[in-house]
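The values are calculated or read from the model by the stated rules, or taken from the named source; none is laboratory data. What you see is a predicted model, and the numbers here were worked out from it, not measured in a lab. Note that we place each Cβ from the backbone using ideal geometry, even for glycine, and neighbour counts take in every protein chain shown.
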């Protein structure tokens, strides 16, 4: 329900205390306040505080004394412990506040839906601020100061900007949200989806019926909340919907993308993303449709990404904006020396950045060859030469640039998904970029010299990048290289959450480079502990039981008297796999039991290796049973 007389957003800095309270007095349907803190897992808090408390204790909401929670309510392992669990919540006046309306609860006095004012907040423990929002805020402040000092000391090769003219550094960021939508209680054969994807039947197609209505209403509501939507459209996944006798769509399964405008405040960018997810869920629910933001909700079909865009600019004392990634002549050079440094820093440190971007089994399930998802640490600059732009969708991170829109030059990181903690991912991205910028500016190298290093072949020595690696490709890395060649040139992609986080131990020097007062190592360790704990619990209590159900449901379909020996042969193979996966015998434990045993012993190396074996054998079982079941009739 969208009404013009409702308040949807209170813009940052537009009202002081008296203005906010006066506005709320004019809208008695806003009955609650919620302080929205974001823990290290990306979970946002939500509570219902009567608006009268907010009126009475306004200042306390901003000094952290109005609302507290404890360590059992938020994911802060190793920090908010049982013996030291108090966490204060401090409202953030520097960003937009949103009003969340409940259309199922109508205020009898006004006839309007009851609203909750959601105020983004920081979480403060006795050891300091320890939430995702404060990490990103402190990181951008830190990185901004460092970059400005570097520019003043060394200048920027290839970009004619006077360091003394710079007022401040700005961070332009944006995300894109992909998701699957379906009618409730609906299952579909994966191969139907896979065939539709290969035939490219869905991408950019026209939406119909209730999906069209929900998508249009979503875009409208995003606009009401000040997110400045740019477009909504169908993505690559889905099948054609079915229609009942009344003309209504009754069998919906489609993949959708919604985009909105970038901001010059990364914290606001991440806040907007949380609000956008709320809007999408609510609008599609109101239209009788379920939404999932999982990265890989359906195996064998394209997953949902959330491409994250990183930019860097400066506001001059004259008020003019300058994109610091751009060179003076965009037809002759791809980037300035600062731009090259930024991308080189991200690529060099991505092994230790990756765990903070893809921290779940679901996220890694999406990052597989064949589904337009990145698996290699490699970039594309958008073409072989600056004057012939292309778009390589097979890389991890690509340069987005246009001579016609120079202010929009940025990097697009393709690995994040809708449940990536955007606050943490952006913070790690800019910290990685900072290290490369330090190298690029302090070395005094020209853009051409930095381009040569970025374009190096494996085995060629370099001053900053690693000798045995390649970092740039303007061709499809899946079509042009074998899996072995990709691993050799760009590094081997982690297969499990445990393998991903082991990179922090394998490359401690890279992690030490990124750790700083804004993003302390103890916070990184807390993030790691939380992610690994969730991985182990999910593996034992969700993934294995789900796989066991699939193993049990694979039953014999042919008759014992069947004269076709091929059926018996196929079933023998299937049953052997079923036993190996899920049935303990007097001779050996099943793979499922071995994983549980390894987890109980905290032997994550063994559990991870067995998980890889389990996944491969589950895929084999699925394929064999499909072949068997479609022949045994």
Query raised in the report: Would you call residue 576 crowded, with 17+ Cβ neighbours inside 10 Å and either more than 27 Å from residue 602 (Cβ to Cβ) or outside the structural domain of residue 592 (by TED's automatic domain parsing) (or both)?
Result: no
Report task. Name the one entry in 549, 629 that is closer than 21 Å to residue 300 by Cβ, out of contact with any helix residue (DSSP H, G or I) (no Cβ under 7 Å at 6 or more places or on another chain) and modelled with pLDDT of 95 or more. Result -> 549
Requested in this report: Would you confirm whether any residue within region 447-454 is surrounded by 19 or more Cβ atoms within 10 Å (Cβ to Cβ) and outside any helix (DSSP H, G or I)?
Outcome: no
**Report entry** Residue satisfying all of: in region 521-549; touching a residue at least 12 places away in the same chain (Cβ under 8 Å) and over 20 Å from residue 607 (Cα atoms); surrounded by the fewest Cβ atoms within 10 Å (Cβ to Cβ) among these
**Finding:** 522
Report summary line: Output for Cβ contacts, cut-off 8 Å, separation at least six or different chains, first residue at positive phi in region 419-447, second at pLDDT 95 or above and outside any helix (DSSP H, G or I), reads 444/157
Query raised in the report: Does residue 422 fit the bill of being outside the structural domain of residue 37 (by TED's automatic domain parsing) and within 21 Å of residue 140 (Cα to Cα)?
Result: yes
Query raised in the report: Residues of region 161-171 being outside any strand (DSSP E or B) and farther than 18 Å from residue 408 by Cα, which ones?
Result: 162, 163, 164, 165
Requested in this report: Quick one: residue 268 ticks every box in (1) in contact with a helix residue (DSSP H, G or I) (Cβ under 7 Å, 6 or more places away or on another chain); (2) at pLDDT 95 or above; (3) over 23 Å from residue 102 (Cα atoms) except a single one, so which number is it?
Outcome: (1)
Query raised in the report: Mind checking whether some residue in region 398-418 is in the same structural domain as residue 513 (by TED's automatic domain parsing), touching a strand residue (DSSP E or B) at 6+ places or on another chain (Cβ under 7 Å) and over 18 Å from residue 311 (Cβ atoms)?
Result: yes
Query raised in the report: Just to be sure, is residue 610 surrounded by 14 or more Cβ atoms within 10 Å (Cβ to Cβ), in contact with a helix residue (DSSP H, G or I) (Cβ under 6 Å, 6 or more places away or on another chain), under 30 Å from residue 500 (Cβ atoms) and not assigned by TED's automatic domain parsing to the domain that holds residue 361?
Result: yes
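Scan region 468-499 residue by residue and report those that are farther than 12 Å from residue 379 by Cα and assigned to a loop (DSSP other than H, G, I, E, B).
468, 469, 481, 482, 491, 492, 493, 494, 495, 496
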Query raised in the report: Here is a list of conditions, (1) closer than 30 Å to residue 524 by Cα; (2) at pLDDT 95 or above; (3) touching a strand residue (DSSP E or B) at 6+ places or on another chain (Cβ under 8 Å), and residue 9 meets all of them except one; can you say which number that is?
Result: (1)
Query - Check on residue 458, on the phi < 0 side of the Ramachandran plot and in contact with a helix residue (DSSP H, G or I) (Cβ under 7 Å, 6 or more places away or on another chain) - result: yes
Report task. Give just the number: which of (1) outside any loop (DSSP other than H, G, I, E, B); (2) touching a helix residue (DSSP H, G or I) at 6+ places or on another chain (Cβ under 6 Å) does residue 314 not satisfy? Result -> (2)
Query raised in the report: For residue 105, are the conditions met, namely being out of contact with any helix residue (DSSP H, G or I) (no Cβ under 6 Å at 6 or more places or on another chain), at pLDDT 95 or above, part of a helix (DSSP H, G or I) and within 30 Å of residue 224 (Cα to Cα)?
Result: no
Query raised in the report: Is there a residue being within 20 Å of the chain's Cα centre (by Cα) and not in a loop (DSSP other than H, G, I, E, B) anywhere in region 318-340?
Result: no
